[in-house]
Amino acid sequence: MGVYIAALGFGLVSAAVLAVAAVGFTMQFAITDILNLAYGGVMIAGAYVAYFLNQRGVNIWIDMMASAAAGAVISVLLNRFLYTPFQRRKASHVTLIIVTLATGIIITNAMLGFAGPNSVTYTFNGGPTLRWGSFQLTSAQLGIIALSVALMASIHALLRFTRLGKAMRATASNPNLARNCGIRTGRVISVTWLITGALCGIAGTVFALDSGSFVPSSAAGFIVVILAAAILGGVGQPYGAMLGALLIGEVTELSAAAWSPDYKDVIAFVLLLIVMVARPQGILLRGATR
Amino acid sequence: MNNQTLFYITTLVVYGGVDVIACLGLSMQFGVAGVVNFGFIIFQAAGAYTAAVLSLPSDRANGAFQQYVAGLHLPFPVPWIGAAAVGGVLAIPFTGLLSRRLRTDNTAIAMLVTAVIANALITNYRPLFNGAAGVSLVPAPLASAIDPLSLNYQYVYCGVVIAVALATFLVLRRLTASPYGRSLRAMRDNDLAAASIGTNVRGRRTAILVLGGSIAGLSGAILVGYINLWAPSAWTYQETVVLIAALIVGGLGNHIGAVVGALVVPLGFEEATRYIPAFGPPGLVPALEWVIIGSLILTFLWFRPQGLVPERRRILGLASVRNPSTESVDLPSLKESSTDA
Amino acid sequence: MRSTDFQTSTEPAPQSGSGIILRATGLRRDYDGVRAVDGVDLAIGRGRLTGLIGPNGAGKSTTLGILAGTIEPTAGIISYAGRDVTKLGTHGRARAGLLRTFQQASEFKRLTVLENLLSSVPGNPGDSLFGALRGPRHWRQFENEALDTATALLQRFRLEPQANDYAGNLSGGQRRLVEIMRALMARPQVLLLDEPMAGVHPKLAREIGEHLIALRDDGMTILMVEHELSIVDQLCDPVIVMADGRVLAERSMFELRQNTAVVEAYLAG
């Protein structure tokens, strides 16, 4: 029984990592209508930026800010010079997906070229392990959870209480109408890429932190899990993504405890396929129909 | 020309032939019918594994160092037929996924994800196909008739591959040039409108998936009969990306473009890197390869979306057609289509 | 590939006595809590050119979509030529002779005009997997005959010079014409037109109107959703008025103009 409670705890960590990633991903889709398959690549780029600083003795939690910056910059550049031009040319959804896929491959392999195929690990102090009953988490893991909660709360505050957040929500639900109401959707979109890019960078670093060691191709498998969380909650719904992340985080960890850790991703995939076939608008009651 | 060069050339021909056949299958599915099967590589892999386990002896042979299903030790051409059949049948469960309800990019993702996880499943579950190590010592077809190590065997294999590739090309071209092909292109353009004039869109998509799956399976069988081993590393989801790149470079929607693309990208490109001496840290050259393939895709999509060999406009014979009033630019096949919800 | 789950469109439909060829009862369609169509009953008379008018959001296009099979109703029954077709999909209804056009021009953009027209001709032996595999000899003759019919149609609408142009390259009005001609090539018994004159040059609209009347006189049944009241006035009899997802009235245009309630609902929309 204890192993399941411990799994619940690990599930929280997985969920925390996944939430940061999935919320960024789903917001990109909501506001710009692009399913950005390069997301994993940008995550890993952020992780490597953190590693670079980490090797020079900078504390991992500060490195994350650099990851956020890197993620933000890369994402904004990608949108400005690649995605938007194609969108302006009225490229079909298939074309755009191929574009993001190709971009992701370029980024991931550029990292591979620079960093080499050997896996790397961050140097950090995991901190004391806290125990509470069968729960067992290191300080670092608790830190990840805390960071994730803080980020989720910030996103919530942004969307609900700020003018920018309202503009983002308006653009997400009806870009033409938003534009006619005077919202500068172009601006909103750029800022969205900035913010979600930062989330992406941080997500990469916490992912790497939680995984222990990582290589550039680690993101390829993880993008599947991100997709699962995003689509489960309804693509384009930030709160849905958080819920999806929690569900998937817990289910994968519990199944790993029950059967074997090898099939964690498979469970996520099966969930993803079931949702896509049975209820593509996600499990939340009021899904955005696109 | 010494033997070594001859062996090299025949190897090129076989690899090229396999690439051509696979690309033709995808060209029919994606280029002509507009079916977004980004998990295409699974079908080639299924064919390769099927041919392998049908032709291999039981897995207790050879010191039982491998673990796999079947192992029926069947002679050529049964493994190849089995491979094509499995490739086709495997396509059927996916037709539900490829129905209209999902936006095309969602469908693309679903198929990509399927490829990723199929790979993970096979890698982790050893009893199926020997996991990450893959199956090896796959018997070469007709090994009892011709010595597989001889140059003659190479020539025969080349001949067979070329024959299959040619046959595939001719069959697909016949299909595409017919009214059936026209209705597929209509479906690709606007599946809602196609249904409204009586086309059974779901049925046609299924048929095309099965056809493409069979072709992919056959290409896998041909490849595994030649290289005598098959492992998950040979069919990552990125391999589908290579095929997509081939079609984009060669030209979507026409089979000559598919052939050109297959020769330029998977074959030409990967062979070209063979001549580049390994420099930098290990793994740099393969990584650069992928960077270039990705860049090729983006470059062509932007500057020449119709590919090297654009899809031809089909002019139907009319005695009284005067000069066309508009300068018809060949429309790139990846522009906005009205099917996306 | 083509299942014969219904008679071909060239067979005469069984007479139902009242001359109603398309009947809808209790149609309802909900979208996320919004009731787009709310209890609609329709009886479309055979050989009539019926108009369907109403303000924006009245549910006209949705109703047409339900009749054509492209939209699934939340409730209701549709019967066509005496048979319940509620469960029959779009392509099944099309094969049975019930065809529709779309509000936004839905010609096949990357096919030529001729290819568009040929694509809908029923009974093409080359239009199946095995038929196509048998080679051009199997379908060449059918195609040539269809080509003649298509050419004649193009000549009638003076689009012959564009016969081998990509349909997507044509002007808005011409593309709409291509879509209508494509539907006509399928030899429909009932034609459902969704705002066929929208964005079309008035002169061309008049020509299309004349052609529709000629088709009606030849026995075709047409149901037309249209905004432009003058066109409805010229062509349609009877006229069905919808508002808020319901049918308000079904009268001749003359009677309608005298009925102020309807006019007000229309102006308010």
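The values are calculated or read from the model by the stated rules, or taken from the named source; none is laboratory data. Not measured: the values here are computed from a predicted model. Methodologically, a virtual Cβ is constructed for each residue, glycine included, from the backbone with ideal geometry; neighbour enumeration extends over all protein chains shown. For accessibility, only protein heavy atoms count, side chains too; no ligands or nucleic acids. Shrake-Rupley method; radii C 1.70, N 1.55, O 1.52, S 1.80 Å.
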Legend entry - Residue selected from region C:163-200 under the condition within 11 Å of chain B (Cβ to nearest Cβ) and of a type in the set (S, T, N, Q), by the criterion nearest to C:Ala24 (Cα to Cα): C:Gln174
Inset, instruction - Output yes when any residue across region A:238-257 is closer than 18 Å to B:Ala120 by Cβ, among the aliphatic types (A, V, I, L, M) and at pLDDT 85 or above, and no when none is. - result: yes
Inset, instruction - Within region B:212-223, identify whether any single residue is open to solvent by 10 Å² or more (accessible area, probe 1.4 Å), aliphatic (A, V, I, L, M), assigned to a helix (DSSP H, G or I) and facing another protein chain (nearest Cβ under 9 Å), and answer yes or no. - result: no
Inset, instruction - Check region B:167-181 and report whether any residue there is more than 23 Å from the chain's Cα centre (by Cα), crowded, with 21+ Cβ neighbours inside 10 Å and of a type outside the set (Gly, Ala, Ser). - result: yes
Inset, instruction - Can you tell me which residue among B:Ala234, B:Ala186, B:Ala258 is in a helix (DSSP H, G or I), away from chain C (no Cβ under 14 Å) and open to solvent by less than 10 Å² (accessible area, probe 1.4 Å)? - result: B:Ala258
Inset, instruction - Pairs only if they're at least six apart or on different chains, beta carbon under 6 angstrom, first in region C:250-262 and at pLDDT 75 or above, second assigned to a strand (DSSP E or B) and open to solvent by less than 50 Å² (accessible area, probe 1.4 Å); list them, first residue then second. - result: C:Glu250/C:Ile240
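On the basis of being part of a helix (DSSP H, G or I), of a type in the set (Lys, Arg) and more than 9 Å from chain C (Cβ to nearest Cβ), does B:Arg173 make the cut? Walk me through it before giving the result.
Values: part of a helix (DSSP H, G or I): yes; of a type in the set (Lys, Arg): yes; more than 9 Å from chain C (Cβ to nearest Cβ): yes.
Answer is yes for this residue.
Filter region C:149-159 for residues that are in a helix (DSSP H, G or I), without any contact (Cβ under 8 Å) to a residue 40 or more places away in the chain and open to solvent by 10 Å² or more (accessible area, probe 1.4 Å) and give the result. Walk me through how you get there before you give the answer.
Quick first cut of region C:149-159, residues in a helix (DSSP H, G or I) only: C:149-156.
Cutting the leftovers down to without any contact (Cβ under 8 Å) to a residue 40 or more places away in the chain gives us C:149-153, C:155.
Those that are in a helix (DSSP H, G or I), without any contact (Cβ under 8 Å) to a residue 40 or more places away in the chain and open to solvent by 10 Å² or more (accessible area, probe 1.4 Å): C:Thr149, C:Thr151, C:Ala152, C:Leu153, C:Gln155.
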Inset, instruction - Could you figure out which of (1) of a type outside the set (A, V, I, L, M, F, W, C); (2) more than 14 Å from chain C (Cβ to nearest Cβ); (3) not in a helix (DSSP H, G or I) isn't true of B:Gln154? - result: (3)
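With respect to A:Ala91, determine if the residue is within 14 Å of chain B (Cβ to nearest Cβ), without any contact (Cβ under 8 Å) to a residue 12 or more places away in the chain and within 30 Å of A:Gln55 (Cα to Cα).
On the way: within 14 Å of chain B (Cβ to nearest Cβ): yes; without any contact (Cβ under 8 Å) to a residue 12 or more places away in the chain: yes; within 30 Å of A:Gln55 (Cα to Cα): no.
No: the conditions fail for A:Ala91.
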Legend entry - Top-ranked residue in region C:97-116 [being more than 9 Å from every other protein chain (Cβ to nearest Cβ) and touching a Ser or Thr at 6+ places or on another chain (Cβ under 8 Å); ranked as farthest from C:Arg182 (Cα to Cα)]: C:Gln103
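From the list A:Phe124, A:Phe114, which one is within 28 Å of B:Ala245 (Cα to Cα), among the aromatic types (Phe, Trp, Tyr) and modelled with pLDDT under 85? If you could, list the steps in order and put the result at the bottom.
Values: A:Phe124 fails: within 28 Å of B:Ala245 (Cα to Cα).
Selected residue: A:Phe114, the only one of A:Phe124, A:Phe114 that is within 28 Å of B:Ala245 (Cα to Cα), among the aromatic types (Phe, Trp, Tyr) and modelled with pLDDT under 85.
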Legend entry - Residue match in region A:256-268 (condition: touching a residue at least 12 places away in the same chain (Cβ under 8 Å), within 12 Å of chain B (Cβ to nearest Cβ), not in a helix (DSSP H, G or I) and not hydrophobic (A, V, I, L, M, F, W, C)): no
Legend entry - Exclusive hit being surrounded by fewer than 16 Cβ atoms within 10 Å (Cβ to Cβ) and either touching a helix residue (DSSP H, G or I) at 6+ places or on another chain (Cβ under 8 Å) or among the basic types (Lys, Arg) (or both), set B:Ala83, B:Ala132, B:Ala91: B:Ala132
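Based on what the data block shows, is A:Leu273 free of Cβ contacts under 8 Å to residues at least 12 places away in the same chain and either open to solvent by less than 60 Å² (accessible area, probe 1.4 Å) or closer than 20 Å to B:Thr104 by Cα (or both)?
Values: free of Cβ contacts under 8 Å to residues at least 12 places away in the same chain: yes; either open to solvent by less than 60 Å² (accessible area, probe 1.4 Å) or closer than 20 Å to B:Thr104 by Cα (or both): yes.
Judged against the criteria, A:Leu273 is a match.
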